[in-house]
Amino acid sequence: MKPDSDLEFVDLGEAFDADLLDAAYREVYLPAFPVRDEQEDPSIWIPRLQDPDANPRLAWLVAGTALADPARRQMLGLLVGEYYAASRCVLISYVAVAAAARGRGLGRQLFDALRRSLESGRLSGGKTVHAVLAEIHDPAAMAATEDVLDPQARLRVMARLGGMRVPVTYLQPPLGPGQSAAGGLWLIAFPELAPAAPPLSAGTVRAFLVEFYRELGSAEPERDPLYAATFASVDALAGRHSLLEPLIDEQPAAA
């Protein structure tokens, strides 16, 4: 990996570049997300990146060196943030660092780049973001040999980045034709990325899930049997003073 001073970030939501999107997709995205049901096709993103009024509006961050020069560039990482206008929530749908760039703090730099995008108000149209959310594999549901990154290692990374668990029975909806819903995932939140938001509530989580599931094809998510367990678990959170839970139990083991 080249020196950090050479590192560049481009938000394809601000300056769309089809060639850069294709390179990031092939060189970073596909190796990081090999499971078909967790993949999206670039044809889904392109109109959203080109339309400033799309819902969801995208921040599609690419990190690398010499990004404007196809002959020299090195793709090192990406982060995709989706802003859902009705619920005012951002979903970090993908974050990936190339194997050659891991252990250099690039994940933190990608999150910092997203923070700058959120602070600029571009994604939210200047409105207060109510939550920044993401999905990660439940470490108890996937063995290290089944994933490109040890789920426990990913959990530690997300905890260092400020992630906290939203304790719901989360189900990722089918992402496209011929794909299935994906379980074995946790919904997590990054309160530090939404510093002006009120404490996360069950109502905000419900509003996001309704909008998210609707955008991905469910006409009436709250009546859809596929998501019955998810919304029941959201209802169980109503009235809780503190919604979020640590990703890692830091209590010392009993002697």
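The values are calculated or read from the model by the stated rules, or taken from the named source; none is laboratory data. Just so it is clear, the model here is predicted, and its values are computed rather than measured. Cβ placement follows ideal geometry from the backbone for every residue including glycine, while neighbour counts extend to all protein chains displayed. All accessible areas refer to the heavy atoms of the entire protein, side chains included, with ligands and DNA or RNA removed. Shrake-Rupley method; radii C 1.70, N 1.55, O 1.52, S 1.80 Å.
Name the most mobile residue of ARG223, ARG57, ARG165, meaning the one with the largest mean-square fluctuation, in a Gaussian network model of the chain with Cα contacts below 10 Å. Maximum among the listed residues: ARG223.
Shape call for the stretch 1-134 from the C-alpha gyration tensor, a ≥ b ≥ c root eigenvalues: rounded (a/c under 1.5), prolate (a/b greater than b/c) or oblate? Judged from the Cα gyration tensor, the stretch 1-134 comes out prolate (a/c at least 1.5, a/b above b/c).
With the simple spin-label model, which puts each label point 7 Å out from Cα in the Cβ direction, the ARG104 to ASP51 separation comes to 3.7 nm.
Relative to the longest principal axis of the Cα atoms of the chain, the long axis of helix 106-120 makes an angle of roughly 80 degrees. Size of the stretch 28-76 from its Cα atoms: along the principal axes, largest to smallest, the extents are 34, 29, 14 Å. Computed with a 1.4 Å probe over protein heavy atoms only, the accessible surface of the chain comes to 47 Å² per residue. Against the main long axis of the alpha-carbon atoms of the chain, helix 151-160 sits at an angle near 90°.
Taking every Cα-Cα distance in the stretch 127-239 and sorting them into 10 Å bins starting at zero, the pair-distance distribution P(r) comes out as 13, 41, 36, 10, 0 percent. Per residue, the Cα convex hull of the chain amounts to 146 Å³.
Across the chain, C-alpha contacts under 8 Å between residues 6 or more apart give a mean separation that, scaled by the residue count, equals a relative contact order of 17 percent.
Farthest toward the positive end of the dipole of the chain, out of PHE33, LEU193, GLY125, is the Cα of LEU193, where the dipole comes from beta carbon charges about the Cα centre. Contact order for the stretch 2-116, expressed relative to its length and based on alpha carbon pairs under 8 Å spaced 6+ residues apart, stands at 26 percent. For LEU133, the shell of other residues with beta-carbons less than 12 Å away shows a net charge of -1, using +1 for Lys and Arg and -1 for Asp and Glu. Which shape class, rounded, prolate or oblate, goes with the stretch 149-198 when its Cα gyration tensor gives a ≥ b ≥ c as root eigenvalues, a/c under 1.5 marks rounded, and past that a/b bigger than b/c marks prolate? The shape class here is oblate. Stretching ARG26 away from ALA228 to a fully extended chain increases their span by 69.2 nm, per 0.36 nm per residue minus the current alpha-carbon distance. Ligands, DNA and RNA left out, the accessible area of the chain computed with a 1.4 Å probe is 52% carbon and sulfur. Per-residue ellipticity at 222 nm computed for the chain from its helices equals -7500 deg cm²/dmol, with DSSP H segments shorter than 4 residues left out and the rest contributing -39,500 (n - 2.57).
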